[in-house]
Amino acid sequence: MKTVISRLMPSFGLALAVGVAGSLTLGGCDSVRVPPPWGEGTGTPLTEYAEPIGGPSSEGPLAVLRSAVQPIPDLVVANTDKVRLGRRLFHDPVLSGDNTISCASCHSLDHGGADARRSSLGIHNQVGPINSPTVLNARFQFVQFWDGRATDLRDQAGGPMTNALEMGNTWDGVLAALGRTPPYRELFQSVYPDGVTQANVRDAIATYEETLVTPSRFDRWLKGADSALTADERAGAELFVTTGCVTCHQGVALGGTSFQRLGAVGDYFAFRGTPLTEADNGRYNVTHNEADRHFFKVPTLRNVELTGPYFHDGSRETLEDAVRVMARFQLGRPLEDAQVSHLVAFLKSLTGEIPAEARLPPGELPPPAAPNPANPATLGAPGVVGPGAPTGIRPAAPALPRPAAPAAPRPAA
Ligand code: HEC
Ligand code: HEC
């Protein structure tokens, strides 16, 4: 069923047509797409638009927000064994070419599902080209990666292991390592009749990632509890609509529903002042269509308080800075200090709770071992995980929500 809601926002002459599209493949929840007034790039899935309904004055900005953003639906876990297997894989450096890097190295649950670095460090301390986005609530996005080159989490989960700059492995290497590392063979067989296969590795990891959803006070507010947000946060929520942020940041994840040009109303890259990189091309790298240059998937704003530094280039350290850049280059609307602080207060209300079961239980993976990349004999050693592991990855942000689980020995093979 498709419903289409439109609202007219007279204050800025901004026609805000909100198309509520069909359900997402994974979430079973609705995604919402709002076309920005300046048009969209090619490759952007357009939704149906309807004539505006209701009078402009009939509903205020907060009502608009409540229709453009949906609460995180209740988590339903169909197969907990599969989720646990995926959780283990996600945290296990055995997937990488030299047993040093896990998915969690660059997507730490202690850093909002992202990485504290501007660009992640991969195997052999290689610096990647782009900032690591959060895996939290990634299921609510219409595509994965800044440039949308993966269609969904299963598609995405195959990429990092064989990326030479990230985990530096091959599929043969991954499957062989899992085949000889207890208890993976048994764990796979208990949930997949065909055991350890590439498709099953992807599926287990994606199934785990689907549980990484983070309801927050904002969801209670969306469901009608007005007092779940403070007055400052509500003021920020209003600004989020009236300045136009919601035209791009909407849907369950407040993002992840469209590609948009970075620098919609000004030259962001000239302002940044550093040479253009290939990563700066964004969606163009996938479509090779000139109109897509500098278009990026609009990122989720859930947990954005924790996921700095910001933007695909990791160029902004603080949320205040990121908000100012957005107002100036996406909307052409410089903000006063008080407005920035209200918007930031609102964005912080999007910090949610990671389900307790998402964290790897203490002792499930082996203790840190120091692999020596110069000595291939050490490369088959048990893996390393968590803060303190010699991965070259900055372990965690200063404000840690929780300490990492202490490592314990892997049971003898
Ligand atoms: C070396 C660091 C690193 C490792 C290891 C890593 N990632 Fe990533 N991940 C990134 C970066 C950087 C991006 C963004 C790349 C891009 O968009 O071009 C990303 C993107 C993603 C995305 C897309 C999120 C979005 O909003 O588009 C998901 C999901 C993800 N990674 C999951 C994983 C999983 C699962 C693993 C392990 C199999 C993994 N990552 C391993 C750095 C890493
Ligand atoms: C025209 C569409 C558009 C509008 C309007 C817009 N944004 Fe964005 N926003 C984006 C895109 C695209 C990115 C990713 C840019 C990049 O990193 O290349 C982004 C990134 C961000 C980020 C950084 C997230 C991260 O994980 O790095 C924040 C914070 C943000 N926006 C907040 C806002 C706020 C607050 C407003 C309103 C003042 C706003 N945005 C208006 C499209 C938009």
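Out of the helices (runs of 4 or more DSSP H) lying entirely within the range 172-266, which hold 2 or more residues that are within 16 Å of ligand 1 (Cβ to nearest atom)? Step through it out loud before you land on a result.
Values: elements: 184-191, 198-209, 217-222, 231-242.
Because the criterion is at least 2 residues that are within 16 Å of ligand 1 (Cβ to nearest atom), the helices (runs of 4 or more DSSP H) in the range 172-266 that meet it are 184-191, 198-209.
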For the range 89-106, indicate whether the set of residues that are under 30 Å from Phe218 (Cβ atoms), in contact with a Leu (Cβ under 7 Å, 6 or more places away or on another chain), within 15 Å of ligand 2 (Cβ to nearest atom) and in contact (Cβ under 8 Å) with a residue 60 or more places away in the chain is non-empty. no
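Sort through Phe140, Phe145, Phe90 and tell me the only one that's in contact with a Phe, Trp or Tyr (Cβ under 6 Å, 6 or more places away or on another chain), of a type in the set (A, V, I, L, M, F, W, C) and at pLDDT 95 or above. I'd like the intermediate steps shown before the answer.
Details: Phe140 fails: in contact with a Phe, Trp or Tyr (Cβ under 6 Å, 6 or more places away or on another chain); Phe145 fails: in contact with a Phe, Trp or Tyr (Cβ under 6 Å, 6 or more places away or on another chain).
Criteria check complete, one pass: Phe90.
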Total residues in the range 151-171, condition more than 11 Å from ligand 1 (Cβ to nearest atom) and closer than 24 Å to Glu364 by Cα: 1
Near pairs, Cβ below 9 angstrom, 6+ apart or cross-chain, from the range 71-82 (in a helix (DSSP H, G or I)) to any residue that is among the polar types (S, T, N, Q): Asp81/Ser190; Lys82/Thr207
Show the residue pairs meeting these rules: Cβ distance below 8 Å; 6+ apart or different chains; first residue within the range 339-352 and in a helix (DSSP H, G or I); second residue basic (Lys, Arg). Val340/Arg324; Phe346/Arg234
Is it the case, given these coordinates, that Leu187 is within 19 Å of Glu210 (Cβ to Cβ), surrounded by fewer than 23 Cβ atoms within 10 Å (Cβ to Cβ), over 23 Å from the mean Cα position of the chain (by Cα) and of a type in the set (A, V, I, L, M)? yes
Every listed condition ((1) under 21 Å from Gln250 (Cβ atoms); (2) assigned to a loop (DSSP other than H, G, I, E, B)) holds for Ser119 save (1)
Considering only the range 122-150, state which residues are surrounded by 21 or more Cβ atoms within 10 Å (Cβ to Cβ) and assigned to a strand (DSSP E or B). Gln144
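Residue-by-condition table, conditions (1) of a type outside the set (A, V, I, L, M); (2) surrounded by 19 or more Cβ atoms within 10 Å (Cβ to Cβ); (3) in contact with a Pro (Cβ under 6 Å, 6 or more places away or on another chain); (4) without any contact (Cβ under 8 Å) to a residue 40 or more places away in the chain:
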site: Val252; (1), (2), (3), (4): no, yes, no, no
site: Phe269; (1), (2), (3), (4): yes, no, no, yes
site: Gly273; (1), (2), (3), (4): yes, no, no, yes
site: Asp280; (1), (2), (3), (4): yes, yes, no, yes
site: Asn285; (1), (2), (3), (4): yes, no, no, no
site: Asn289; (1), (2), (3), (4): yes, no, no, no
site: Tyr310; (1), (2), (3), (4): yes, yes, no, no
site: Gly314; (1), (2), (3), (4): yes, yes, no, no
site: Gly332; (1), (2), (3), (4): yes, no, no, no
Unmet requirement for Ala68, which otherwise passes all of (1) of a type outside the set (Lys, Arg); (2) closer than 16 Å to Thr207 by Cβ; (3) more than 7 Å from ligand 1 (Cβ to nearest atom); (4) crowded, with 24+ Cβ neighbours inside 10 Å: (2)
Would you check if there is a residue in the range 295-306 being buried (at least 24 other Cβ atoms within 10 Å of the Cβ) and either among the basic types (Lys, Arg) or without any contact (Cβ under 8 Å) to a residue 40 or more places away in the chain (or both)? yes
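The values are calculated or read from the model by the stated rules, or taken from the named source; none is laboratory data. Not measured: the values here are computed from a predicted model. When we count neighbours, we look across all protein chains shown, and the Cβ atoms used for this are built from the backbone with ideal geometry, even at glycine.
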